[in-house]
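> Here it is, the structure in full.
The values are calculated or read from the model by the stated rules, or taken from the named source; none is laboratory data. This structure is a prediction, so every number in the text was calculated from the model and none was measured. Every residue, glycine among them, receives a Cβ derived from its backbone with ideal geometry; neighbour counts consider all protein chains shown. Accessible surface areas use protein heavy atoms only, side chains included; no ligands, DNA or RNA. Shrake-Rupley method; radii C 1.70, N 1.55, O 1.52, S 1.80 Å.
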Number of protein chains: 2
Amino acid sequence: MAPTRRTSRDIRSESRLDVLHALLTAGETTRNELARTTGLSTATVATVVSDLLSRGIVTEARVASGRVGRPTTLLRLNQDRGRIVGVDVAETYIRAVVFDAALDEVAAAEVPADERHVGTEEVVDGVARAVDAALARAGTHRHDVLGVGVSLPGSMQRWGANSPVMPNAARHHVDRHHVDRLRERLDLPIVIDNPLKAIATAELWFGQGRRHASTITVNLGTGVGAGIILNGAILRGATNFAGEWGHSLLALDGRACRCGRRGCVEAYVGASGLQRTLAAVDPAHPLASVPLQRDFIGALAAALEPPGPDPAVTETIQRTARYLGAALADLVAIVNPETITLTGWTVWALGDHLVPAVRRSVVEEAPGDSAADLEVEVSTVRGNSVATGIATIALERFLSDVGLVTTRVPTAL
Amino acid sequence: MAPTRRTSRDIRSESRLDVLHALLTAGETTRNELARTTGLSTATVATVVSDLLSRGIVTEARVASGRVGRPTTLLRLNQDRGRIVGVDVAETYIRAVVFDAALDEVAAAEVPADERHVGTEEVVDGVARAVDAALARAGTHRHDVLGVGVSLPGSMQRWGANSPVMPNAARHHVDRHHVDRLRERLDLPIVIDNPLKAIATAELWFGQGRRHASTITVNLGTGVGAGIILNGAILRGATNFAGEWGHSLLALDGRACRCGRRGCVEAYVGASGLQRTLAAVDPAHPLASVPLQRDFIGALAAALEPPGPDPAVTETIQRTARYLGAALADLVAIVNPETITLTGWTVWALGDHLVPAVRRSVVEEAPGDSAADLEVEVSTVRGNSVATGIATIALERFLSDVGLVTTRVPTAL
């Protein structure tokens, strides 16, 4: 595939996305302020705002009268334009979140998933039930839904009748037939992508992504992966596999990974990797036999609170920080981002104890002084960043469908 | 640093680069043909060609009379516009190549370097001697030189009086003072960058880089590294460290690397890594004690020719293919390029024996079917791709200085 040539139409589209992002950040703001924060000319901002007003994406909130001069109109995203749903299909739960068109959360619903036994049938059914429950809670009619984004684990861009999905081959044997059924069952405009692209999108719209030329956001949960943002755009790669850092090597011939290979990053810093580290430190430790990952991570977090951890827990955190630091250093060596943000339920539970040690480890393990100025922080994206991100992708798709942005959202399907 | 906003001026600049690239590929061609190959409108091509003609970058070669219609003017790059010099400072040699302004090689000169004892003084002196010798051979006067590009190993964008250069800290303790002396000694416009950026530039202008949305070109020699091309542009990273894949992990706590860490890719697939693999297979093997890397790689290549390799050599090649395949699979997992090309003197010597096995290994080691359609080939860039690439960067800088392209070439200094 040849490189994409950028046209003046793409520049117009980017200006619109810049204005939307500025509105999202500011809440209510003026045309002059939009010009200042976006760096666009006032003439461009006026045109863009007019386009967005005419499509009902933006609305004139109210008139603010300053102390001097004539009153100024305040603009905001039109929350009542419709609803967007983001669905995070995780190994341990399926969560649907209803957002308004300004991407503020309206309501959410979660159905449990058993990490040990989840077939595609259960996933399709679980997504439908979670969406129905969330829409009911939000009091939203289906015809008000502009789009539904569904984040499914693994890299699913090559589904075929018989091709299993990576890396959870055994679990998500999802094929087009099943996706078509999901589409049919929901009867709503739907986009499907993987969680790495979702968290990257969330970081781009709500986190560090637009403040830096390059950001990597790393997700730590059952699976681990990286959302890579370069110059304001998400790196998808040739076949949407970019960011599958969780299945890059940490240790040749190391621990068996559930993807079938040995030594992957995920086998060390995924939730069950942490439990394996604890078991390696102290096989008889009571936490080493907690059966469910989320319970284990919760118990580990609890053990770190006063009166404080036992030596095996301390050693587990130290080893994990080193593994994670070394694995992040590989991202620095290859992509060399300005900033790395961490997200996912392992980070939410253990971040305070893990991040300072990880930061030291990255600087130590990265080539030369390449990580000297690198920021390593817990992501500032609020709430469930997978649901927020996949909803944002659904909104982008809607904006693309109505002709406001040219960013063709190359989702998995 | 905030993401770069693209302007209509950048688009004009990109059109000029597209036309230059098409001319470089075609040799002689017409305006109509340029429009066809670049996808630009005939009006745009006419404007671009006129700009390039007026600056003497392009010249009207001759008039071709077709069988019908009026004669057509053939265009080509103006070889006589001036000379460009590319200098490849490698661990084992310093090679200066003089190119004409169409980037055709005119003459070259090489001075040997001893991989075991090369200080900055020797490098500065060696570069100057190689450039002088190459210019003399080309019969080029210094005032005809449009620019000199110098590729120095390591990541040198943060030179300071006391900061050693990575990864060859012990060898290339180059600081601004030395670079200033190099500039003074050569008394020519100079750009400095690292070999990864040079090979990526060569791949972009002369290889796969413009035919694919994403290409990674991998250099195998004393050091190893990756030049990453995304959507027609080179990925430099926040601090010009992008592509330092040679210092990403292959094996946690593995072989000591000359960068000071353990387990780096380079310690396995760099030239001396291959020798260490052979020594691990058979410590008493005669090739295990060949003192110089280039002699060792040459001897290894000779051993692969009829009557054929002994079992230790075969095993060394097999292990190396697996190491390299696993390390390339990490690039696929993280960046997911359309194609990977291999270059560097280890590849030139061993490519035929190594590449088929490496290709199989990448497909096996990469996540899911992410490498199913990946092309892994020896680079088609002719000659010394580091010298060609760094000369191209010098030409880009010249085009930028005369206002034809906005691509600010963010070189190391």
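> Compute the angle between helix B:271-281 and the longest alpha-carbon principal axis of chain B, please, reported from 0 to 90 degrees and rounded to the nearest 10.
Tilt relative to chain B: about 30 degrees.
> For chain B, with a Gaussian network of springs between Cα atoms less than 10 Å apart, report the residue from B:349, B:130, B:96 with the top mean-square fluctuation.
B:349
> Have a look at A:153, A:307, A:189 and tell me which one the Gaussian network model of chain A (Cα, springs below 10 Å) gives the largest fluctuation.
Highest fluctuation of the listed residues: A:307.
> Here's another thing I want to ask about it. Per residue of B:271-279, what is the mean number of Cβ atoms on other protein chains within 10 angstrom of that residue's Cβ?
0
> Between the label point of residue A:292 and that of the same position in each other copy, find the distances and list them shortest first in nm, with every label point placed 7 Å from Cα along the Cα-to-C-beta direction.
6.7
> Need one number: buried accessible surface between chains B and A, 1.4 Å probe, both sides summed, DNA, RNA and ligands left out, in Å² to 100.
Counting protein atoms only, the buried area is about 4900 Å².
> Moving on. Could you pull the copy-to-copy label distances for residue B:72, with points set 7 Å along Cα to Cβ, in nm to one decimal and sorted shortest first?
Ordered by increasing distance: 5.7 nm.
> Taking the Cβ-Cβ separation of residue B:47 and residue B:70 as r and a Förster radius of 22 Å, what is the calculated FRET efficiency to the nearest 0.05?
E(calc), rounded to 0.05, equals 0.55.
> Residues in the stretch A:76-93 near a label at residue A:142, defined as backbone nitrogen under 19 Å from the 7 Å Cα→Cβ point?
Correct set: A:82-87.
> Residue A:125 to residue A:401: FRET efficiency via 1/(1 + (r/R0)^6), r the Cβ-Cβ distance, R0 22 Å, to the nearest 0.05?
The calculated FRET efficiency here is 0.20.
> Measure nothing fancy, just the Cα-based angle from helix A:120-138's long axis to the longest principal axis of chain A, in degrees from 0 to 90, nearest 10.
It works out to around 50 degrees.
> Let me ask something additional. I need the inter-copy label distances for residue A:55: point set 7 Å along Cα to C-beta, values in nm with one decimal, smallest first.
3.7
> Where the centre of each part is set by its Cα atoms, how far does the stretch B:260-282 sit from the stretch B:378-400, in angstrom?
The stretch B:260-282 and the stretch B:378-400 have Cα centres spaced 29 Å from each other.
> Given the -39500 (n - 2.57) contribution per DSSP H run of 4+ residues, what per-residue ellipticity at 222 nm results for the protein assembly as shown, rounded to the nearest 500 deg cm²/dmol?
-13500 deg cm²/dmol, from helical runs alone.
> Now, a different point. Under a GNM of chain B (C-alpha, springs under 10 Å), which listed residue has the highest mean-square fluctuation: B:290, B:106, B:362?
Result for chain B, Cα springs under 10 Å: B:290 fluctuates most.
> How shielded is B:324-335 by partner chains, expressed as the average number of their Cβ atoms within 10 Å of its Cβ atoms?
Mean number of neighbouring Cβ atoms from other chains: 6.
> Looking at the stretch A:210-378, what % of its DSSP beta bridges pair antiparallel, to the nearest 5?
The answer is about 55 percent antiparallel.
> Oh, and also: Can you give me the distance in nm between label points at residue A:279 and residue B:276, each placed 7 Å from the Cα along the Cα-to-Cβ direction?
3.2 nm
> What distance in nm lies between label points placed 7 Å from Cα along the C-beta direction at residue A:132 and residue B:289?
Taking the simple label geometry, residue A:132 and residue B:289 are separated by 7.9 nm.
> Something else about it: Once you put a point 7 Å from the Cα of residue B:62 and another 7 Å from the Cα of residue A:28, both along the Cβ direction, what distance in nm separates them?
If labels sit at residue B:62 and residue A:28, their model points lie 7.4 nm apart.
> Give me the angle, in degrees from 0 to 90, between the Cα long axis of helix B:176-186 and the longest principal axis of the Cα atoms of chain B, rounded to the nearest 10.
Around 60 degrees separate the two axes.
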